[in-house]
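Trainee: Here it is, the structure in full.
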Amino acid sequence: MVKITYIDNEGTARTVEGEVGATVMETAIKHGVPGIEAECGGACACSTCHVYIEEEWREKVGEPSPMEEDMLDFAFEVKPSSRLSCQIKVRQDLDGLTVRTPERQA
Amino acid sequence: MSEPIKTDVVIIGAGPIGLFAVFELGLLDMKAHLIDILDKIGGQCAELYPEKPIYDIPGVPFTSAQGLVDSLLEQIKPFGAQYHLNEMVESVERIGDPLFRVRTDQGTEFESKIVVIAAGGGSFQPKRPPIPGIEPYEGKSVFYAVRKMESFRGKRVLIVGGGDSALDWTLNLAPLASHLTLLHRRSEFRAAPDSVNKMMALVGDGKIDFVLGQVAALKGNDGQISEAIVKTNDGSTFDIACDVMLPFFGLTMKLGPVAKWGFELKNNELIPVNTENFETSVPGIFAVGDINWYPGKLKLILSGFHEVALMAQKAYRYCYPDKRLVFQYTTSSTSLQKKLGVSPPPPPQPVKV
Ligand SMILES: Cc1cc2nc3c(=O)[nH]c(=O)nc-3n(C[C@H](O)[C@H](O)[C@H](O)COP(=O)(O)OP(=O)(O)OC[C@H]3O[C@@H](n4cnc5c(N)ncnc54)[C@H](O)[C@@H]3O)c2cc1C
Ligand code: FES
């Protein structure tokens, strides 16, 4: 199991256990973490699973693919640390990963 | 006002389920008109994920969403359905027993014996960017679509986005606007490379500006925008003076007019139906696909396909009250094959030895 922390717009942190192979979006939905909508169910087609990766995790998590960058155009307040959480797979070396959810998803 | 279009069936929504409804209705001799607010056929499949794979269409191990739409169009071709795109159905009124008058926002009127609502997640509408205080500007100096190009002549136009709509309108409005700025969050575009090249050429000639950033707030008075406050990727801000702003952030599904047609909706967004024939509480109006609700409902394409087959049986009773309906297979029924315009290969001849 891998611990993932989601910090919402108001600063409330929620830490849940993610399964290796699931996505960071699925992990949030499964545990009822608010702030991620995931309208398209993880198909990289809606951009309502937008998160900001905490600075110290950015390198490990990696950069979005060109397709994900295209979808990020539809998100709001996109920052260099923006990712779509349905495109990040939970891996053992992401244990402790912290992401922030934006003020709103679309 | 011109005469209403008279038809057996009006199908609201040209998504995959509306399309397959044409097939099942067609086999039973009912003619359909389809109406969709989108400029293309295929609903969510065509608008949201055309290139993505689908693996759970029975008998089709793999197809793309657009591939599925294309196959459906080929499959329903024999039935000559008519499409009315770029039109939103605004009202459905019961005028007979059953007979309906259906009206669109473009003024088209239909008179049909039955209505099939295949409206999916609702009508596609432009996404509104969450810029604080944008509402008073909407429709006055902030527009999500261009209806009349002339109204932008001589204006300072700010276009926001990096897709085809943003680029197309940049190219189209550049000659009309007194000054045009294209604002996008990065220097890569989703739009067709050809449009991007043309846009870049205009920038090179000094005809338009291309600026990197995202709109953070608006300034103006009484709905008239004067400046957009833009945030750059490094966090600094600056203003862009403009008379109109056109943000293009793609489309999202909103229930839209369906909410006003008098159904008691489940969770405020779904039309309850019975599972015998997918008829709504109004005799003669059916709801199929993602828009309907019944115990156990799954928003899957295959479920919608099943729903339209049963719907067509009941629809037949309204359209042909005096005729008896005989259950037939497309494999063996020559009358169905005639409707489909196919002739099966002759049975194999016995081989002489
Ligand atoms: C990313 C993604 C992946 C998916 N993957 C799968 C999958 O693998 N398998 C699967 O089975 N399903 C999948 N789905 C779900 C599937 O796409 C839907 O179940 C299907 O599109 C529903 O079809 P529909 O015809 O009912 O509605 P839609 O496809 O939503 O079409 C409805 C149409 O009605 C129009 N409309 C609505 N109101 C009006 C009005 N008032 N006037 C005019 N037009 C109107 C809309 O503009 C729209 O075009 C996926 C969905 C998404 C978003
Ligand atoms: S869930 Fe839709 S893009 Fe991630």
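Trainee: For the protein assembly as shown, what is the accessible area per residue in Å², given a 1.4 Å probe and the full set of protein chains? Mind dumping the intermediate values first?
Mentor: Working: 22650 Å² over 459 residues.
Per residue, the protein assembly as shown has 49 Å² of solvent-accessible surface.
Trainee: Right, something else. Under a straight-distance cross-link criterion of Cα-Cα below 17 Å, which lysines are reachable from B:Lys323, leaving out those fewer than 8 residues away in the same chain?
Mentor: Filter leaves B:Lys31, B:Lys113, B:Lys314.
Trainee: On to the next question. Order the following by accessible area, largest value first: B:His184, B:His84. Probe radius 1.4 Å; ligands, DNA and RNA are ignored.
Mentor: B:His84, B:His184
Trainee: While we're looking at this one, here's another question. If R0 is 45 Å, what FRET efficiency do you get for B:Gln106 and A:Lys30 from their C-beta distance, rounded to 0.05?
Mentor: On the way: r = 44 Å, r/R0 = 0.99.
Efficiency, rounded to the nearest 0.05: 0.50.
Trainee: Within chain B, what's the longest stretch lacking trypsin sites (Lys or Arg not before Pro) that sit in DSSP loops with no more than 10 other Cβ atoms inside 10 Å?
Mentor: B:149-323
Trainee: Residues of the range B:30-64 with amide nitrogen under 14 Å from the 7 Å Cα-to-Cβ point of B:Thr330?
Mentor: Inside the label zone: B:58-60.
Trainee: Of all accessible surface on the protein assembly as shown at a 1.4 Å probe, what whole percent is carbon and sulfur?
Mentor: Details: 11650 of 22650 Å².
Answer for the protein assembly as shown is 51 percent, counting heavy atoms of protein chains only.
Trainee: Could you tell me how far the Cα centroid of the range B:283-348 sits from the Cα centroid of the range A:1-51, in Å?
Mentor: Centre-to-centre distance over Cα atoms comes out at 41 Å.
Trainee: Filter the GluC sites (Glu not before Pro) in the range A:1-86 down to the DSSP loop ones having no more than 12 other Cβ atoms within 10 Å, then list what survives.
Mentor: Sites meeting the loop and neighbour criteria: A:Glu10, A:Glu19.
Trainee: Sticking with this one: Relative to the compact-globule scaling 2.2 N^0.38 Å, provide the ratio for the alpha-carbon radius of gyration of the range B:59-205.
Mentor: Normalised Cα radius of gyration, the range B:59-205: 1.42.
Trainee: Where does chain B land on Rg(C-alpha)/(2.2 N^0.38 Å)?
Mentor: Normalised by 2.2 N^0.38 Å, the Cα Rg of chain B equals 1.20.
Trainee: Now for a different question. Multiply the residue gap between B:Leu302 and B:Ala217 by 0.36 nm, knock off their C-alpha separation, and tell me the result in nm, one decimal place.
Mentor: Values: separation 85, 0.36 × 85 = 30.60 nm, distance 4.45 nm.
Full extension of this stretch gives 26.2 nm more.
Trainee: Going by alpha carbons, how many degrees (0 to 90, nearest 10) lie between the helix axis of B:16-27 and the longest principal axis of chain B?
Mentor: Here the helix axis deviates by roughly 30 degrees.
Trainee: Calculated FRET efficiency, B:Lys338 and B:Val146, Cβ-Cβ r, R0 60 Å, to nearest 0.05? Let's see the in-between values first.
Mentor: On the way: r = 47 Å, r/R0 = 0.78.
Using R0 = 60 Å, I get an efficiency of 0.80.
Trainee: Also, quick follow-up: Would you kindly give the portion of the calculated P(r) for the range B:128-249 that falls above 23 Å, as a percent of all Cα pairs?
Mentor: That tail contains 23 percent of the Cα-Cα pairs.
Trainee: Right, next: Using only Cα atoms, tell me the angle between helix B:193-204 and the longest principal axis of chain B; keep it within 0 to 90° and round to the nearest 10.
Mentor: Helix B:193-204 sits at roughly 20 degrees to that axis.
Trainee: Enumerate the whole-percent occupancy of each 10 Å bin, from 0 to the last occupied one, for all C-alpha pair distances of the range B:1-41.
Mentor: 30, 48, 21, 1
Trainee: Another question about this same structure. In whole angstrom, how long is each semi-axis of the equivalent ellipsoid of the protein assembly as shown, when you take the square root of 5 times every eigenvalue of its Cα gyration tensor and sort them from largest down?
Mentor: 44, 29, 22
Trainee: Could you pull out which residues in the range B:1-28 have an amide N less than 19 Å from a spot 7 Å beyond the Cα of B:Leu73, following the Cα-Cβ vector?
Mentor: B:11-24
Trainee: Next up: Hey, can you grab everything whose amide H is under 5 Å from the amide H of B:Val116? Only 5+ residues off in sequence or another chain; H modelled, so Pro and N-termini drop out.
Mentor: Result for B:Val116 returns B:Val10, B:Ile11, B:Ile12, B:Phe286.
Trainee: Let me ask something additional. Chymotrypsin sites (Phe, Trp or Tyr not before Pro) within the range B:59-135: which are DSSP loop residues with at most 12 other Cβ atoms inside 10 Å?
Mentor: B:Phe62
Trainee: Cα axis of helix B:65-76 to longest principal axis of chain B: angle in degrees, 0 to 90, nearest 10?
Mentor: For helix B:65-76, the angle is close to 40 degrees.
Trainee: Could you tell me the accessible area of B:Val351 in Å² (1.4 Å probe, neighbours in place), rounded to the nearest ten?
Mentor: About 130 Å², ignoring ligands and nucleic acids.
Trainee: Are there GluC sites (Glu not before Pro) in the range B:222-306 that DSSP puts in a loop and that have at most 12 other Cβ atoms within 10 Å, and which ones? Before the final figure, lay out each step's value.
Mentor: Values: sites: B:Glu227, B:Glu264, B:Glu269, B:Glu276, B:Glu279; in loops: B:Glu264, B:Glu269, B:Glu276.
Answer by residue number: B:Glu264, B:Glu276.
Trainee: State the volume of the convex hull built on the alpha-carbon positions of the range A:2-100, expressed per residue in Å³ and rounded to an integer.
Mentor: Hull volume normalised by residue count: 89 Å³.
Trainee: Another question about this same structure. How many angstrom lie between the Cα centre of the range B:28-68 and the Cα centre of the range B:255-275?
Mentor: Taking the Cα centre of the range B:255-275 as reference, the centre of the range B:28-68 is 23 Å away.
Trainee: Any idea how far apart A:Asp8 and B:Leu85 come out in nm if each label point goes 7 Å out from Cα toward Cβ?
Mentor: Between A:Asp8 and B:Leu85, the simple spin-label model gives 4.2 nm.
Trainee: Nearest 100 Å², what total accessible surface is buried between chain B and chain A (probe 1.4 Å)?
Mentor: 1500 Å²
Trainee: Further question: With all pairs of different alpha carbon atoms counted, what Kirkwood hydrodynamic radius in Å does the range B:224-353 show?
Mentor: Radius from the Kirkwood sum: 20.5 Å.
The values are calculated or read from the model by the stated rules, or taken from the named source; none is laboratory data. It should be emphasised that the depicted structure is a prediction, and the values quoted were computed from it without experimental measurement. Reconstructed Cβ throughout: ideal geometry from the backbone, glycine too, with neighbour counts over all protein chains shown. Quick note on the areas: whole protein, heavy atoms, side chains included, nothing else; ligands and nucleic acids left out. Shrake-Rupley method; radii C 1.70, N 1.55, O 1.52, S 1.80 Å.
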